[in-house]
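**Q** What follows is a structure written as structure tokens; I'll ask about it next.
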Amino acid sequence: MRNLALLLIASLLTTSSSERAAVPTPERENLPRNLLFAQSANQMLNRDFPSSDISFLLLDASTGRVLASRWENPEAPIPLGSLVKPFTALAYGEHHAFRYPAHICRGTASGCWFPRGHGEVDLVSAIAYSCNSYFRMLTAGMSAPDVSPTATRFGLTLPAPETAGPALAGLGNRWRISPMSMARAYLELVRWRDQPGVREIFAGMAQSAREGTGSGVDRALPFPDALTKTGTAQCTHLHRAPGDGFTIAMAPSDNPQLLLMVRVHGVPGAETAKIAGQMLRRLEK
């Protein structure tokens, strides 16, 4: 399968003459390639996705360096919804020898966002479909001290001491984390990908991109090859909506080189995944 990251770099380094003209030729020849990539990515994403409803962070997966961004105060903690679920799952695993139970999601009756329910799910499918019912079950006996060591290890803001149960899986707005910290926590996950628990999480993120809540990413790409996690959380914009959608997409799936985090005002995470996929597709072109 073609390497998405290499395609992106190649395309950005061969942009049109009008785009390259933004940097004078003598200076451009002396710039490092990753700086050229960052300049081109910023130009493309801001030009082609100008809506103020869309916020984004594009990071180099190997260094954590920000390549492109449009996100007001990305260091400010906000509710990020289900983006926190992988880290909650790791915290659970550390207390249970990384043995994760199966569960029957009955939809609304068991507290899931999906009214009909997901049926029988394990950790992989619960990540793929962001099953709230599964994570309500997983966190039923958990409290803030159970997840704090994992949060610290991945650079996440600690939940308030009284936080417990489903709030630890991003349900509600009790646990607030900055978007930049969350993006970098996912990059740290890449370095743990062969460890127990993380393997299942990455399998779930791959399934999410193929057919789950993040499938809008793979569907937008000519060579689907991403890892995705979506979330929906309380809106924190000045003009409030019922919620904001979030997507983290990393590509290529076998060795991520890029991480794109997107927030879209007023839509759920699955809809945000479609925008994230379009953004990656535009960079590739």
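The values are calculated or read from the model by the stated rules, or taken from the named source; none is laboratory data. All of these numbers come straight from a predicted model, not from anything done at the bench. For neighbour counting, all protein chains shown are included, and Cβ atoms are generated from backbone atoms with ideal geometry for every residue, glycine included.
**Q** Cβ-Cβ below 7 Å, separation at least six or inter-chain, first residue in region 218-242 and closer than 23 Å to Phe87 by Cα, second among the aliphatic types (A, V, I, L, M) and in a loop (DSSP other than H, G, I, E, B): which pairs?
**A** Listed pairs, sorted by first residue: Asp225/Met1; Gly231/Leu80; Ala233/Leu80; Cys235/Ala241.
**Q** What helices (runs of 4 or more DSSP H) completely inside region 149-260 contain at least 3 residues that are within 14 Å of Thr88 (Cα to Cα)?
**A** 179-191, 198-211
**Q** If you don't mind, there's one more thing I want to ask. Could you list, in sequence order, the residues of region 154-195 that are under 21 Å from Val124 (Cβ atoms) and among the polar types (S, T, N, Q)?
**A** Of everything in region 154-195, just one residue is under 21 Å from Val124 (Cβ atoms) and among the polar types (S, T, N, Q), namely Gln195.
**Q** Out of all the residues in region 113-145, which are of a type in the set (A, V, I, L, M, F, W, C) and closer than 19 Å to Arg174 by Cβ?
**A** Once the filter is applied, which keeps residues that are of a type in the set (A, V, I, L, M, F, W, C) and closer than 19 Å to Arg174 by Cβ, region 113-145 yields Trp113, Phe135, Met137, Leu138, Ala140, Met142, Ala144.
**Q** Could you list all residues from region 129-147 that are touching a residue at least 40 places away in the same chain (Cβ under 8 Å) and within 17 Å of Gly93 (Cβ to Cβ)?
**A** Selection gives Phe135, Leu138, Thr139, Met142, Asp146, Val147.
**Q** Show the residue pairs meeting these rules: Cβ distance below 8 Å; 6+ apart or different chains; first residue within region 154-169 and free of Cβ contacts under 8 Å to residues at least 24 places away in the same chain; second residue assigned to a helix (DSSP H, G or I) and exposed (fewer than 15 other Cβ atoms within 10 Å of the Cβ).
**A** Going by the 8 Å Cβ cut-off, the qualifying pairs are Leu158/Thr152; Pro161/Pro145.
**Q** Can you find a residue in region 143-154 that is closer than 17 Å to Thr247 by Cβ and in contact with a Gly (Cβ under 9 Å, 6 or more places away or on another chain)?
**A** For region 143-154, residues closer than 17 Å to Thr247 by Cβ and in contact with a Gly (Cβ under 9 Å, 6 or more places away or on another chain): absent.
**Q** Right, something else. Output the residue which, of all residues in region 88-114 that are in contact with a helix residue (DSSP H, G or I) (Cβ under 9 Å, 6 or more places away or on another chain) and among the polar types (S, T, N, Q), is surrounded by the most Cβ atoms within 10 Å (Cβ to Cβ).
**A** Thr88
**Q** Would you point out which residue out of Arg184, Arg199, Arg193 is under 16 Å from Lys85 (Cβ atoms) and surrounded by fewer than 22 Cβ atoms within 10 Å (Cβ to Cβ)?
**A** Arg199
**Q** Just to be sure I understand the filter: pairs with C-beta atoms under 8 Å, separated by 6 or more residues or on different chains, first member in region 21-48 and of a type in the set (Phe, Trp, Tyr), second member modelled with pLDDT of 90 or more. Which pairs pass?
**A** Matching pairs, first to second residue: Phe37/Leu67.
**Q** Follow-up. If a residue must be farther than 18 Å from Met250 by Cβ and either in contact (Cβ under 8 Å) with a residue 60 or more places away in the chain or buried (at least 16 other Cβ atoms within 10 Å of the Cβ) (or both), how many such residues does region 56-80 contain?
**A** 6
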